């Protein structure tokens, strides 16, 4: 990985360049559609799923007239309620440097498929990505980042999952841009994750991605 210069040391969060440089590239996995992607291990994804499950199911969306919606539209509404903020946090990370790579998109898709036990479909993910891009265009990155962090930090488990998945996206293309490094700091602080815990989570994610 290409490491940027240190940023925001005063916050107590070590940046990517402060971490041990691994010679091995992250392992590659094949998702259920046969697409190669650099990603977290199955064990780590299972742990993240368990973290979310242990916190209990989020309340289902209450809609005034669900009968007027198609089954696919109803599914999208529920997936957006459950995973929309996590998806937008990952999108904000992968677009932080102004460029969205295919590797980053595949990591995001793989994360959502794993977190939903493969229940979510590509068209659901693309719809959430389109919504995230539209929100940023209409409201600006800073406002959307604050909105997403505000929702995620209400639940410590979801906040930690968001940070780990954002780190996986940042590491996806083997190069961490300064903007991505800065955003990891912003996320950790904005999600209310203490610096020591944030460093622990990022170290685990990097070790997982760099082993193989």
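Scanning the stretch 86-99 for residues that are surrounded by 22 or more Cβ atoms within 10 Å (Cβ to Cβ) and either within 10 Å of the chain's Cα centre (by Cα) or under 13 Å from residue 130 (Cα atoms) (or both) yields 86, 87, 88, 89, 90, 91, 92, 93, 94. Can you say whether residue 106 is in contact with a strand residue (DSSP E or B) (Cβ under 7 Å, 6 or more places away or on another chain) and either part of a helix (DSSP H, G or I) or closer than 26 Å to residue 77 by Cβ (or both), as far as the supplied structure shows? Spelling it out, residue 106 is indeed in contact with a strand residue (DSSP E or B) (Cβ under 7 Å, 6 or more places away or on another chain) and either part of a helix (DSSP H, G or I) or closer than 26 Å to residue 77 by Cβ (or both). Filtering the stretch 164-181 down to residues that are part of a helix (DSSP H, G or I) and more than 15 Å from the chain's Cα centre (by Cα), which residue is nearest to residue 95 (Cα to Cα)? Checked the stretch 164-181; the qualifying residue nearest to residue 95 (Cα to Cα) is 179. Look at residue 200 and say whether it is in a helix (DSSP H, G or I) and surrounded by fewer than 24 Cβ atoms within 10 Å (Cβ to Cβ). Yes: the conditions hold for residue 200.
Taking the stretch 109-126 as the region of interest, how many residues are surrounded by 17 or more Cβ atoms within 10 Å (Cβ to Cβ), assigned to a helix (DSSP H, G or I) and without any contact (Cβ under 8 Å) to a residue 60 or more places away in the chain? The number of residues fulfilling the criteria is 3. Candidates 177, 205: the one that is surrounded by fewer than 24 Cβ atoms within 10 Å (Cβ to Cβ) and farther than 23 Å from residue 98 by Cα is 205.
Which members of the stretch 149-162 meet the condition of being within 23 Å of residue 44 (Cα to Cα) and part of a helix (DSSP H, G or I)? Quick ask: steps written out before the conclusion?
Residues of the stretch 149-162 that are within 23 Å of residue 44 (Cα to Cα), as a first pass: 149, 152-162.
Result: 149, 152, 156, 157, 158, 159, 160, 161, 162.
Please indicate, with yes or no, whether at least one residue in the stretch 131-140 is in a helix (DSSP H, G or I) and within 16 Å of residue 75 (Cβ to Cβ). Scanning the stretch 131-140 turns up at least one residue that is in a helix (DSSP H, G or I) and within 16 Å of residue 75 (Cβ to Cβ). On the stretch given as the stretch 132-166, residues that are modelled with pLDDT under 90 and closer than 15 Å to residue 104 by Cα total 0.
Among the residues of the stretch 157-167, the ones that are in contact (Cβ under 8 Å) with a residue 60 or more places away in the chain and either surrounded by fewer than 23 Cβ atoms within 10 Å (Cβ to Cβ) or over 15 Å from residue 97 (Cα atoms) (or both) come to 7 in all.
The values are calculated or read from the model by the stated rules, or taken from the named source; none is laboratory data. No experiment lies behind these values; they were computed from the predicted model shown. All Cβ positions, even for glycine, are placed from backbone atoms using ideal geometry, and neighbour counts span all protein chains on display.
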